[in-house]
1. Looking at residue 157 and the list (1) over 28 Å from residue 59 (Cα atoms); (2) at pLDDT 95 or above, which single condition is not satisfied?
2. Return only the number of the condition from (1) over 28 Å from residue 27 (Cα atoms); (2) surrounded by fewer than 17 Cβ atoms within 10 Å (Cβ to Cβ) that residue 92 does not satisfy.
3. List every residue pair whose Cβ atoms sit under 9 Å apart, with the two residues 6 or more apart in sequence or on different chains, where the first one lies in segment 327-354 and is in a loop (DSSP other than H, G, I, E, B) and the second, anywhere, is at pLDDT below 85 and loosely packed, with under 14 Cβ neighbours inside 10 Å.
4. Scanning segment 217-226 for residues that are buried (at least 20 other Cβ atoms within 10 Å of the Cβ) and under 18 Å from residue 151 (Cβ atoms), which turns out modelled with the lowest pLDDT?
5. In segment 515-542, which residues are modelled with pLDDT under 80, touching a strand residue (DSSP E or B) at 6+ places or on another chain (Cβ under 6 Å) and surrounded by fewer than 17 Cβ atoms within 10 Å (Cβ to Cβ)?
6. Given the residues 263, 247, 271, which is the only one that is more than 25 Å from residue 366 (Cβ to Cβ), modelled with pLDDT of 80 or more, buried (at least 16 other Cβ atoms within 10 Å of the Cβ) and under 23 Å from the mean Cα position of the chain (by Cα)?
7. For the list (1) in a loop (DSSP other than H, G, I, E, B); (2) in contact with a helix residue (DSSP H, G or I) (Cβ under 8 Å, 6 or more places away or on another chain); (3) closer than 30 Å to residue 243 by Cα; (4) at pLDDT 50 or above, I need the number of the one condition that residue 398 fails.
8. Going by the conditions given, is residue 73 closer than 25 Å to residue 173 by Cα, without any contact (Cβ under 8 Å) to a residue 40 or more places away in the chain and not in a strand (DSSP E or B)?
């Protein structure tokens, strides 16, 4: 049976000639259109091409709808957006209510800043803002029309009202919910979010107890199918040292009912709360969590120095943060994650890595939360920290005794910081190589950790299945580059590699400063020099692909700092051979030609590699 002989792959008479080529089956056309889900402009143009393509493309065009609101009027070529009608955000809501396309929507996202200047005025008289209520009424009308909605995201800066929650509860297919809590302290009524039994993913952001957030305890109680839970708190509490979040408040009904959440993925952002594992273990089954993320939660890095006026803010959270490091985990509650993404480096975390057998992805984030400076004097203005007292802080404390001294000088402080960083690096790498190495596939290491060739060789030998690697590899010298050229082919599955800029190694003294300067000089070289060097390293000087080239066949992306290249297939080039090496040109009497296989290189931007984990995960964003 051929494609043309089957009625499943044959066009009817009404579709003949619709595409200009009569022999293209509609199933093939539908498969091609399915790859354009993220290209809204192309889908819209296809809808205007013909009636057949309109019917085939319309479901893809309305499958994922994102409406973004702006607090001010935007202009495009001196013409305001929505000229002659309303804003694109309002017209999008109108289309979902009035047009017969709502049943095609599977994902709806409302984002941006909604202008509601009357919130404070109405709050003073005990009323809800008129503009906020009208917006919620419109969104409720949209939800009533989108009966097949599976994902809903409320990322607006205004409060979501009970009528929208009630509309969400009526959606039978809703599996993913994203809620942004308000950040306005004006008095507003708080509500209890109704249960959504079929919900599989719950993400809430900007939670602040002083901004009258809604109660999600009932939602968690009935979340029997919940697999992904992300809790993002306002960074204000950590910046001001205010432990106003009570973690057990979210799980109090689960604890009372003795009903555990069977989560597979969990993320915690900006949490400042004393550890209370006894009660939390009655609400969450930690043994089933496979993916765990913590960002700006457990305090600063252990080897990070306290400088300037941040010491008072760090000390304000120190006693609460250290309660998490003193938890004694029972064997029956020990987690066995497959993926970890953390931004805090601590000796306790490094020791826990020695128990995570089977870990596949480890992301030690380089990004750090930057505190917003508030008006007024710093916390420690009348008690400035001295070098001696700084050296006694746990964040300055070195891991070895030989660097301790009663006389603290700036040189000793730098030495102590560098020694503590190297000691912490070795502890992490020991557990990574000895325990997690055989199963590890993705790895991001901090940029401030220098990795000499010997340490890199050990890491590569211990982690043969790595597909993505990001680290501050020492590859600038000729000897280091040659050593890496021989070692990296051992990673036969390597798909992406990223050489991080050694930012933060200045604290290691003069050697660290030289590494930073040498790296900057290397990265700032013209692109054609980098491309020539990489092309030469990936070349095969023989009549066919050599084993060296074959081992790089899966390598797709290479990054040096902010420069990124995409590798294409190997291409054969004819070059001339002399005693001095391979050169182009020359005559047959002088040289003998030979074939060289080089990889095609293309310079790309960071936005083009957001699907690659070693770039996408190295941030503070919710992913």
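1. (2)
2. For residue 92, the failing item is (2).
3. The qualifying pairs are 335/329.
4. Filtering first and then ranking leaves 223.
5. 541, the sole residue that qualifies.
6. Details: 247 fails: under 23 Å from the mean Cα position of the chain (by Cα); 271 fails: more than 25 Å from residue 366 (Cβ to Cβ).
That would be 263, the only listed residue that is more than 25 Å from residue 366 (Cβ to Cβ), modelled with pLDDT of 80 or more, buried (at least 16 other Cβ atoms within 10 Å of the Cβ) and under 23 Å from the mean Cα position of the chain (by Cα).
7. Of the numbered conditions (1) in a loop (DSSP other than H, G, I, E, B); (2) in contact with a helix residue (DSSP H, G or I) (Cβ under 8 Å, 6 or more places away or on another chain); (3) closer than 30 Å to residue 243 by Cα; (4) at pLDDT 50 or above, the odd one out for residue 398 is (4).
8. Working: closer than 25 Å to residue 173 by Cα: no; without any contact (Cβ under 8 Å) to a residue 40 or more places away in the chain: yes; not in a strand (DSSP E or B): yes.
The answer is no for residue 73.
The values are calculated or read from the model by the stated rules, or taken from the named source; none is laboratory data. These numbers were taken from a predicted model, which means no experiment stands behind them. Virtual Cβ from ideal backbone geometry, glycine too; neighbours counted across all protein chains shown.
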